[in-house]
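Remarks on the structure that follows.
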Amino acid sequence: MLNKRYARRLEVMLAAAVCIFLILLGRMAYLQLYKGDYYGNQADGNRLRRTKITAPRGLFFDYKGQELVNNLPGYAVALQRQGQRDNEKVIGILSEILNMPEDQIRKRIAANQNSYEPTRLKSNVSPEIVTKIEERRLELPGVLLELQPIRNYLYKELAVHALGYVGEASEYDITEGSYKGMPGGSIVGKFGIEKTFDKVIRGIDGSFDEEVDVAGNVVKQLGQRDPIPGKSLQLTIDKELQMVMEKAVDEQLAYLRSSGIAPNARAAAIVAIDPRSGAVRAMVSRPAFNPNLFVNGISEKDWQVINNDPNYPMGNKVISGEYPPGSTFKIITGTAALELGKVTPEELIFDSGQHWLIPMGNAGGEALGWINFQQALSMSDNVYFYEMGNRLGINNLVDFARKFGMGRKTGIELEGESSGLLPTPENKRKIFTGEDWTLGDTFNASIGQGIDLATPLQMAVMMSCIAGGGIYHQPYLVDKVLNNDGSVFEVRQHQEPYA
């Protein structure tokens, strides 16, 4: 009886020992296998320091190979994870040196808390800041000076609406936007070609590892992974033509203001396209801005100047501005009338100053008498093209407008392109709730007025169709992607041309 009681106790003790052993074994497995990398990284963090080497972004060249955008050497200040007490002391010193509020530094650290990458606090710091950090190195454990290429736009605002600019990825970019999951402090494309081709030109960052003592002093160099520079882009832009066009636009705007014709003339858009291919040789939108202001984080003063400008310098009016095409649309009307046999080049139509069906006429009541197609187009006669619209009907007119690319995005490699607006009965009913289409609406549409809207780029493409023998070419800005040695990595493919 006694032996049985002892035996039962031994069984209970054995079971308890097995349970304890299994718990300890499970905990060891959890720490070694599941959390091994985590604690390994934490342990290494006490003696190893990894410094990121930012990959230089690819360069931009014009179509003749002249450099438009490159990189300059610089430094960024970053902070490694430290104990809470150490961090607070370091944050206070950095706030003074970098002229950054402590709360802003803490916010950046918090945003990067799930990464073992150092938290980048400020890019392209001045030599004065670098000197101050080195002077107080013993007080700043975990503070790193990272080598960083700084984006440089050689000709400042030249072609800025095509080239774009870079800046630090915002909290929204990283959490929900275009650069989701990227480390805080990353420099990314924010606008223009810089944004559209960011993945191509960004490159792959490198790093070097160092063994450090408790004071952060380097004990030994452990290895380096070189960065891989991004691919470069050869654009279709002609630098000389771009300069000439920008100068011409600026001089014309200045003349309009000084002459009193248009005292507030500060906005304009102009684009030049090669009709043989669709290559954009120049793109000017006014007013413009200097993209170098954004590279290191734009100052509040500079941002207010840009943001408060009623002419919206940040908008690319070439692709996003929608305007009545006016008399340039008569080319589409005339093409449709000739193609569909609604008129011959020799037929004479009498212009009495206004159309005989509706009292709509020429500006100032001008009457040109008997005129043929060539005379009507050269003198931009409204009455003649009212009659073309009357003969065509709005459906035929809209059909030909679509063939010229009206009413849809061209597909150029830039964000923010507008579609324009076709003069259809459906669109009129949407804009003017339930209103029916009239013959007067067709007359207006035939001369590019009324609810007809187009972007400057769409109108340039339309003119290119005429100059190129009736062939539609999709406009584009990037011709080739280049390797670091200048060899061609990829020739960009575009929409097939069509007649």
> Sorting D250, D103 by accessible area (1.4 Å probe), largest first, what list results?
Replying inline: D103, D250
>> On a 23 Å Cα-Cα criterion, which of the cross-link pairs K317/K409; K195/K317; K107/K156; K231/K317; K64/K480; K122/K231 come out too long?
In response: K107/K156; K231/K317; K122/K231
> Any idea what diffusion coefficient segment 169-266 gets from Stokes-Einstein, in µm²/s, Kirkwood Rh on alpha carbon pairs, 10 °C, 1.306 mPa s?
Replying inline: 86
> What shape does segment 255-367 have by the C-alpha gyration tensor, where a ≥ b ≥ c are the square roots of the eigenvalues, rounded means a/c under 1.5, and otherwise prolate means a/b greater than b/c and oblate the rest?
Replying inline: prolate
> Any idea of W437's accessible area? Nearest 10 Å², probe 1.4 Å.
Replying inline: 60
>> Given axes a ≥ b ≥ c from the Cα gyration tensor, I'd like to know whether segment 224-273 is rounded (a/c under 1.5), prolate (a/b larger than b/c) or oblate.
In response: prolate
> Setting aside same-chain residues fewer than 8 positions from K342, which lysines have a Cα under 21 Å from its Cα?
Replying inline: K330, K403
>> To test your reading of the geometry: what angle, between 0 and 90 degrees and rounded to tens, separates the Cα axis of helix 239-259 from the longest principal axis of the chain?
In response: 60
> Could you give me the ³J(HN,Hα) list for segment 444-459, computed from phi with Karplus coefficients 6.51, -1.76, 1.60 and θ = phi - 60°, whole Hz, x at Gly and Pro?
Replying inline: 4, 4, 5, 10, x, 10, x, 8, 6, 10, 8, 8, x, 5, 4, 5
> What is the diffusion coefficient of the chain in µm²/s, taking the Kirkwood radius over Cα pairs and the Stokes-Einstein relation at 4 °C with a viscosity of 1.567 mPa s?
Replying inline: 47
> Want the number for A254 to E176: 0.36 nm per residue separation, take away the alpha-carbon distance, what's left?
Replying inline: 23.8 nm
> 222 nm [θ] for the chain, helices only, -39500 (n - 2.57) per DSSP H run of 4+, per residue, to 500?
Replying inline: -11000 deg cm²/dmol
> By how many degrees, between 0 and 90 and to the nearest 10, does the Cα long axis of helix 84-98 differ from the longest principal axis of the chain?
Replying inline: 40
> How far is helix 330-339 tilted, in degrees, relative to the longest principal axis of the Cα atoms in the chain, given as a value from 0 to 90 rounded to the nearest 10?
Replying inline: 70
>> Could you tell me what a quarter of the Cα convex hull surface of segment 252-309 works out to, in nm² with one decimal place?
In response: 6.0
> In segment 182-323, what is the volume of the convex hull around the alpha carbon atoms, normalised per residue and reported in Å³?
Replying inline: 189
> Using a basic spin-label model with each label point 7 Å from the Cα along Cα→Cβ, how many nm lie between R27 and R106?
Replying inline: 3.4
> Which residues' amide hydrogens lie under 5 Å from the amide hydrogen of R151, considering only partners 5 or more residues apart or on another chain, with H built in the peptide plane?
Replying inline: L72
> Whole-Å semi-axes of segment 434-499's equivalent ellipsoid, largest first, each the root of 5 times a Cα gyration tensor eigenvalue?
Replying inline: 40, 13, 10
> For the residue pair D309 and E322, what label-to-label distance in nm results when each label sits 7 Å from Cα along the Cα-to-beta-carbon direction?
Replying inline: 2.4
> So what J values fall out for segment 50-58 if you push phi through Karplus, 6.51 cos²θ - 1.76 cosθ + 1.60 with θ = phi - 60°, rounded to Hz, Gly and Pro as x?
Replying inline: 10, 10, 6, 10, 5, 6, x, 6, x
> Quick one: ranking I270, I261 by accessible area, 1.4 Å probe, largest first, what do you get?
Replying inline: I261, I270
> How big is the accessible area of K107 in square angstrom, nearest 10, if you roll a 1.4 angstrom probe over the protein chains?
Replying inline: 130
> Local charge sum around P423 (other residues, Cβ-Cβ under 11 Å, Lys/Arg +1, Asp/Glu -1)?
Replying inline: -2
> What FRET efficiency would be calculated for the residue pair L340, K247, taking the C-beta separation as r and a Förster radius of 41 Å, to the nearest 0.05?
Replying inline: 0.45
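Working with all protein chains in place, sort Y476, Y75 by solvent-accessible area computed with a 1.4 Å probe, largest first.
Y75, Y476
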> With θ set to phi - 60° and the Karplus curve 6.51 cos²θ - 1.76 cosθ + 1.60, what are the ³J(HN,Hα) couplings of segment 155-166 in order, to the nearest whole Hz, using x for Gly and Pro?
Replying inline: 10, 6, 7, 4, 6, 4, 6, 8, 5, x, 7, 10
> What is the gain in length, in nm to one decimal, between L72 and R136 on full extension, counting 0.36 nm per residue of separation less the C-alpha to C-alpha distance?
Replying inline: 20.4 nm
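The values are calculated or read from the model by the stated rules, or taken from the named source; none is laboratory data. Owing to the predicted nature of the structure, the values given are computational and were not obtained by experimental measurement. Neighbour counts run over all protein chains shown; Cβ positions are idealised from the backbone, glycine included. Accessible surface areas use protein heavy atoms only, side chains included; no ligands, DNA or RNA. Shrake-Rupley method; radii C 1.70, N 1.55, O 1.52, S 1.80 Å.
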